[in-house]
Structures are given as structure tokens and as C-alpha cells.
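Chemist: Below are the C-alpha cells for one structure; questions will follow.
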Amino acid sequence: MSRVIRFRVWCVGKKEWEKDEWAICQSGCLVELKSRTHHFLNNQFHIVSQYTGLKDKNGKEIYEGDIIANDIIQHQISWSDKYAKFICMGMSCGIYDDWCKNFEVIGNIYENPELLK
């Protein structure tokens with residue numbers, strides 16, 4: 001099974017997802033693929049969110065920063081350097097395919113921060 005590595009880019013100033021496809025170079029700069037324009041990654045202006053490789057119960061891709069929920073609980077997905085895997089915030093357990101099938105993406109921390117309150 002091959003692993004899909006995909007990113008999405010949140011533009012802090014515009015408060016929206018960049019619509020073009022992006023790649024990230026080893027140097028840390030973003031490359032807008034359509035025009036091949038290079039942008040230096042600046043956490044002040046752009047936030048890169050990585051695809052976990054997993055999908056929710058509706059088949060929607062789950063990205064870092066997404067908020068997933070079921071009837072009982074909701075979780076924020078984040079990357080843990082300590083455990084070297086994607087986890088639910090505040091938990092040490094990693095997320096995996098069968099487990100995700102019980103949840104759905106209800107938003108993300110950029111567009112829907114009120115969901116975490």
C-alpha cells in the first residue's frame with residue numbers, strides 16, 4: 001500500500017485555504033505548482049497542514065488541524081514529535097484507519113476554532 005503525502009496551506013491573512021496545489025521543498029519554501037512560483041514558508045502568513053493518510057466515516061480526508069467527532073467526543077488531530085505519529089490532542093494514542101471510521105470531520109482549528117471551546 002502506498003502512502004499519499006499531501007498538504008493544504010492556510011493563508012493567515014486571507015483566512016482561507018489556498019486554492020492552488022502546493023509542494024514543499026526541503027529548504028522549507030512553498031512552491032505553487034501551477035505557476036512554479038516559490039514562496040518562502042513563513043508561519044506568520046501560511047500554515048501547512050499535512051494529510052494523515054486516513055479518511056473519516058464519510059470518506060473525507062483527515063488533515064492535521066482537523067476536528068473530528070462522534071456522538072460522544074471530539075478530538076483535534078495533531079502531529080506528535082514525541083510519538084512520531086498523528087494523534088488526538090491530549091492523548092498519546094495514534095489514530096488509525098478502523099478507529100477513524102467511527103468519526104467524521106466537523107471542521108478545523110483555522111476555520112472553526114469555536115468548536116474547541
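Computed from the coordinates by the stated procedures, all read-outs in this text should not be read as laboratory data. Fair warning: this is a prediction, and the values are worked out from it, not measured in the lab.
Chemist: Is there a pair in LYS15/LYS101; LYS57/LYS85; LYS14/LYS57; LYS55/LYS117; LYS55/LYS85 whose C-alpha atoms are over 26 Å apart, and which pairs would that be? Don't skip to the answer; put the middle values down first.
Modeler: Values: LYS15/LYS101 29 Å; LYS57/LYS85 21 Å; LYS14/LYS57 30 Å; LYS55/LYS117 24 Å; LYS55/LYS85 16 Å.
From LYS15/LYS101; LYS57/LYS85; LYS14/LYS57; LYS55/LYS117; LYS55/LYS85, over 26 Å: LYS15/LYS101; LYS14/LYS57.
Chemist: Is it possible to state the helix-based mean residue ellipticity at 222 nm for the chain, with each DSSP H run of 4+ residues giving -39500 (n - 2.57), the sum divided by total residues, to the nearest 500 deg cm²/dmol? What is it?
Modeler: On the way: 1 runs with 4 residues, N = 117.
The helix-only estimate for the chain comes to -500 deg cm²/dmol at 222 nm.
Chemist: While we're on this one: Check which residues have an amide H placed less than 5 Å from TYR63's amide H, if you skip close sequence neighbours.
Modeler: THR52
Chemist: What value does segment 7-116 have for Rg/Rh, both radii from Cα atoms and Rh as Kirkwood defines it?
Modeler: On the way: Rg = 14.7 Å, Rh = 14.9 Å.
Taking Rg over the Kirkwood Rh, I get 0.99.
Chemist: What percent do you get for the relative contact order of the chain when only Cα pairs under 8 Å and 6+ apart count?
Modeler: On the way: 201 pairs, mean separation 24.3, N = 117.
About 21 percent, as a whole number.
Chemist: Sticking with this one: GNM on the chain, C-alpha springs below 10 Å: top fluctuator among LYS85, LYS19, LYS34?
Modeler: In the Gaussian network model the winner is LYS34.
Chemist: Using a Gaussian network model of the chain with C-alpha springs under 10 Å, which one of PHE86, PHE103, PHE45 is most mobile by mean-square fluctuation?
Modeler: The residue that fluctuates most here is PHE45.
Chemist: For the chain, set up a GNM with springs between Cα atoms under 10 Å and report which of CYS100, CYS29, CYS88 has the largest fluctuation.
Modeler: CYS29
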